[in-house]
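So the structure is just underneath, and the comments pick up after that.
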Amino acid sequence: MSSSVVAAVSPTRQALRRVRRDRSARFGAWLVAALIVIAVAAPLLVKLSGQDPYTYHIDLLDPAKGGAPKGALGGVSADHWFGVEPLTGRDLFSIVVLGLRTSLAIAIVATLITTVVGTLVGISAAYFGGWYDGVVSRLLDFLFGFPQLVFMIALGIIVPAEFPRWLLLILVLSVFGWAGLARLIRGQARSLATREFVEAARSVGSSGWHVITRELLPNLLGPVLVIATMAIPGYIGAEAALSFLGVGVPPPTPSLGRSISDSIVWVYTGTDPWFMVFPGIMLFLAVLGFTLLGDGVRDAFDVRLRRAN
Amino acid sequence: MPDLLWFVLRRLFATVLVMLALSLAVYLIFYALPADPARLACGKPCTPDRLEQARHFMQLDQSVIQQYLAFLKGIFAGRTFGEGAAAVQCNAPCFGYSFPLARPVTTLIVDRLPVTLSIAIGAAVLWLLLGVTLGVGAALKRGKLFDRLAVGFALIGIATPSFLLGLLAILVFGFWLNMVPVNGYVPLTESPVDWAWHLITPWLVLATIQAAAYIRLTRAQMLEEMNLDHITTARAKGAGERRVVAVHGLRGVLVPIVTIFGLDLGALLGGAILTEKVFSMQGLGELLISAVGQLDVAVVVGVTLFSAFLVILANLVVDVVHGVLDPRVGHA
């Protein structure tokens, strides 16, 4: 029976194979890989371009146009690959790649934190059930359907000015983000918690912690991976939104959201729409890449995520 | 329908409990403010005597529980700060008093609310219409061009941040094609036509972003629904295809849509806040953000609680609609 050996490919391996066959997932994976390389190598790329995101180049601006860059495409040149920022003349390429780095770093750390918390809460609620599950589910529903953005903005007032803003962003995104993940993971764990092997483990006297970590968690790694991947674009968008509203990463640290926010006036008047286009495309690609990858991974692991229950 | 009435009463009771717990939590959190609002109000130079006076006047010398109870009382009965000729009156429903702006928070909110609500309600109506019609259409024409277009449209909506799409829309339709105003808000009472004309782009932008998830959901649900037995039965009884889709198919789709809509109300408010910034409209978001910058804690707490209450109450309405659409909900 050689065929049974051939068929005995692990589910993870099968899933990876399916990702490779899915065209949009493959595109998403390449895009994500490229973005991560750019984000990691951003300081190097900036050095390679011979620029930095802080130096003003007033000489490259046109006073007659209210401080918009001279030349076409927002001042694109051999020195300034994405042109320069209006009013200050700072190098836009440096700002965009370093902004991507900030964005991805914050989103990925927030994803890691919320995945750990969401997994623990979600699985334990599904396993223990009863009043604990009742309380947790109510809390999750409540946090999930909440005007989160309002609270994220409001929390800025109670944090001292010395407190690093990037850390605050990660904390705020995590505090409000874990509920969504916990909700989905609870849904996945619920059907598993009643299966025979869980029953068997319980009947030989295994502790709750043991069943959760040794029996349930390994069987949920696929769905957890899917849910975490699908959460990343949400965090990228939320970070950009907060920076866009002026309550995210403070200047002069480069940030895609803040650059897009700064570009509003130049878009209204049409004097320098390129100031919006370069950071905008980068942000769009980041969200698109992770969304496609997330969808692909979900289809590959064949996880049915129902937001409605 | 006594069942439904009980259901509504039970939900109403739970809602009030949630609002109380939430407002207490918010009060406890914002009591930890590092900057002293009284010191800001006192100005420079600030003698200890005057600081104490300011603190007493703003009722900051009371414990957090006392302040919280005074806040609750203010919502129902109004409250007065200080005594005699210098007293400041804050009428019910009083959501606090902003000393830096010298106005009750409720007045500030009422001034800004129409902007945010206009954006949110219009966009919600549009996105539900778009989401359900495109989703049903895609499901019925599965695999055809319309399906591909609708699914592609959904992907763009999911992958584009709303503020980015808003700016693009301004650039293309406002600036290049010069079809719509680029920014600004005109009150409905001033000119309904100008009101809608200034809001059409924000509505479309927000609806495009949000409709995406609804297109995907409706399409999946509709595909599933059309394979169920009751659809076959309806067809066997000779119902026309149009009737099968509109009456029998759609009913199963609407229930999950309403559930998701209830969960998205918070996101709707967030989307409206982002959109008002893109289109330079002075709504609740602008009020909140500038209050954070000015360390005006009364406005921050007032706006935060008010928007949370708004979303919670809207959720209650959605739940009741849900109960009417799907009688099983009431018995759960």
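Considering only the stretch B:262-277, state which residues are more than 7 Å from chain A (Cβ to nearest Cβ) and either open to solvent by less than 20 Å² (accessible area, probe 1.4 Å) or touching a helix residue (DSSP H, G or I) at 6+ places or on another chain (Cβ under 6 Å) (or both).
Matches in the stretch B:262-277: B:Asp264, B:Leu268, B:Gly271, B:Ala272, B:Thr275, B:Glu276.
Any idea which of A:Arg190, A:Arg214 is basic (Lys, Arg) and farther than 30 Å from B:Ile158 by Cα?
Selected residue: A:Arg214, the only one of A:Arg190, A:Arg214 that is basic (Lys, Arg) and farther than 30 Å from B:Ile158 by Cα.
Any residue in the stretch A:84-104 that is among the polar types (S, T, N, Q) sitting within a Cβ distance under 7 Å of a residue that is assigned to a helix (DSSP H, G or I)? List the pairs, counting only those 6 or more apart or interchain.
From the stretch A:84-104, the pairs are A:Ser94/A:Val46; A:Ser103/A:Ile236; A:Ser103/A:Glu239; A:Ser103/A:Ala240; A:Ser103/A:Leu256; A:Ser103/A:Ala286.
So in the stretch A:144-202, with the set limited to residues that are assigned to a helix (DSSP H, G or I) and aromatic (Phe, Trp, Tyr), which one is surrounded by the most Cβ atoms within 10 Å (Cβ to Cβ)?
Checked the stretch A:144-202; the qualifying residue surrounded by the most Cβ atoms within 10 Å (Cβ to Cβ) is A:Trp178.
Would it be correct to say that B:Val193 is among the β-branched types (Val, Ile, Thr), surrounded by fewer than 17 Cβ atoms within 10 Å (Cβ to Cβ) and within 14 Å of another protein chain (Cβ to nearest Cβ)?
no
Could you please give the count of residues in the stretch A:115-167 that are over 30 Å from A:Val198 (Cα atoms) and acidic (Asp, Glu)?
1
Quick test of your reading of the structure: B:Asn315 fulfils all but one of (1) of a type outside the set (A, V, I, L, M); (2) more than 8 Å from every other protein chain (Cβ to nearest Cβ); (3) closer than 24 Å to B:Leu72 by Cα. Name the failing condition by number.
Of everything listed in (1) of a type outside the set (A, V, I, L, M); (2) more than 8 Å from every other protein chain (Cβ to nearest Cβ); (3) closer than 24 Å to B:Leu72 by Cα, B:Asn315 misses just condition (2).
Give the residues of the stretch B:67-115 that are surrounded by 15 or more Cβ atoms within 10 Å (Cβ to Cβ) and among the polar types (S, T, N, Q), sorted by residue number.
Once the filter is applied, which keeps residues that are surrounded by 15 or more Cβ atoms within 10 Å (Cβ to Cβ) and among the polar types (S, T, N, Q), the stretch B:67-115 yields B:Gln67, B:Ser98, B:Thr106, B:Thr107.
Restricting the stretch B:13-34 to residues that are within 8 Å of another protein chain (Cβ to nearest Cβ) and aliphatic (A, V, I, L, M), which is least open to solvent (accessible area, probe 1.4 Å)?
Out of the qualifying residues, it is B:Leu33.
Touching a residue at least 60 places away in the same chain (Cβ under 8 Å), in a loop (DSSP other than H, G, I, E, B) and open to solvent by 60 Å² or more (accessible area, probe 1.4 Å) - does that describe any residue in the stretch A:56-75?
Checked the stretch A:56-75: at least one residue is touching a residue at least 60 places away in the same chain (Cβ under 8 Å), in a loop (DSSP other than H, G, I, E, B) and open to solvent by 60 Å² or more (accessible area, probe 1.4 Å).
Output the residue which, of all residues in the stretch A:134-161 that are more than 21 Å from B:Ala272 (Cα to Cα) and touching a residue at least 24 places away in the same chain (Cβ under 8 Å), is nearest to the other protein chains (Cβ to nearest Cβ).
Only one residue tops the list, namely A:Asp141.
Taking the condition more than 14 Å from chain B (Cβ to nearest Cβ), buried (at least 23 other Cβ atoms within 10 Å of the Cβ) and within 24 Å of A:Ala286 (Cα to Cα), does A:Thr119 pass?
no
Quick one: how many residues across the stretch A:226-253 are part of a loop (DSSP other than H, G, I, E, B), open to solvent by less than 20 Å² (accessible area, probe 1.4 Å) and under 22 Å from B:Leu287 (Cβ atoms)?
Qualifying residue count for the region: 2.
Please go through the stretch B:281-293 and pick out each residue that is in a helix (DSSP H, G or I) and more than 9 Å from every other protein chain (Cβ to nearest Cβ).
Matches in the stretch B:281-293: B:Glu286, B:Leu287, B:Ser290.
Output the qualifying pairs, or none if there are none: Cβ atoms under 7 angstrom, residues six or more apart or on different chains, first residue in the stretch A:234-263 and more than 11 Å from chain B (Cβ to nearest Cβ) and within 18 Å of A:Ile153 (Cβ to Cβ), second residue assigned to a loop (DSSP other than H, G, I, E, B) and β-branched (Val, Ile, Thr).
Cβ pairs passing all conditions: A:Ser255/A:Val249; A:Arg258/A:Val249.
Does B:Pro181 count as more than 8 Å from chain A (Cβ to nearest Cβ) and on the phi < 0 side of the Ramachandran plot?
yes
Limited to the stretch B:294-310, what total is found for residues that are part of a helix (DSSP H, G or I) and either open to solvent by 10 Å² or more (accessible area, probe 1.4 Å) or not assigned by TED's automatic domain parsing to the domain that holds B:Val110 (or both)?
7
Looking at the stretch A:15-44, I want the residues that are farther than 12 Å from A:Leu293 by Cβ and have a partner that is open to solvent by 50 Å² or more (accessible area, probe 1.4 Å) and of a type in the set (S, T, N, Q) with Cβ atoms under 9 Å, at least 6 apart or on another chain. Which pairs are those?
Short answer, once both residue conditions are applied: none.
Quick check on my filter: what residues within the stretch A:196-209 are more than 30 Å from A:Ala300 (Cβ to Cβ) and not polar (S, T, N, Q)?
A:Arg202, A:Val204, A:Gly205, A:Gly208, A:Trp209, listed by residue number.
Of the numbered conditions (1) at pLDDT below 90; (2) in a helix (DSSP H, G or I); (3) over 15 Å from B:Leu199 (Cα atoms), B:Leu129 satisfies every one except a single condition; which is it?
B:Leu129 satisfies all of (1) at pLDDT below 90; (2) in a helix (DSSP H, G or I); (3) over 15 Å from B:Leu199 (Cα atoms) except (1).
Which of the residues that make up the stretch A:76-115 are aliphatic (A, V, I, L, M), in a helix (DSSP H, G or I) and within 18 Å of A:Ser263 (Cβ to Cβ)?
Within the stretch A:76-115, A:Leu92, A:Ile95, A:Val96, A:Val97, A:Leu98, A:Leu100 meet the criteria.
I need the full set of residues from the stretch B:132-154 which are free of Cβ contacts under 8 Å to residues at least 60 places away in the same chain, farther than 19 Å from B:Pro256 by Cβ, part of a helix (DSSP H, G or I) and open to solvent by 50 Å² or more (accessible area, probe 1.4 Å), in order please.
Those that are free of Cβ contacts under 8 Å to residues at least 60 places away in the same chain, farther than 19 Å from B:Pro256 by Cβ, part of a helix (DSSP H, G or I) and open to solvent by 50 Å² or more (accessible area, probe 1.4 Å): B:Leu145, B:Phe146, B:Arg148, B:Leu149.
The values are calculated or read from the model by the stated rules, or taken from the named source; none is laboratory data. As the structure is a computational prediction, the values presented were derived from the model and not from experiment. Don't worry about glycine lacking a Cβ; one is built from the backbone with ideal geometry, like all the others, and counts go over all protein chains shown. Only protein heavy atoms, including side chains, enter the accessible area calculation; ligands, DNA and RNA are left aside. Shrake-Rupley method; radii C 1.70, N 1.55, O 1.52, S 1.80 Å.
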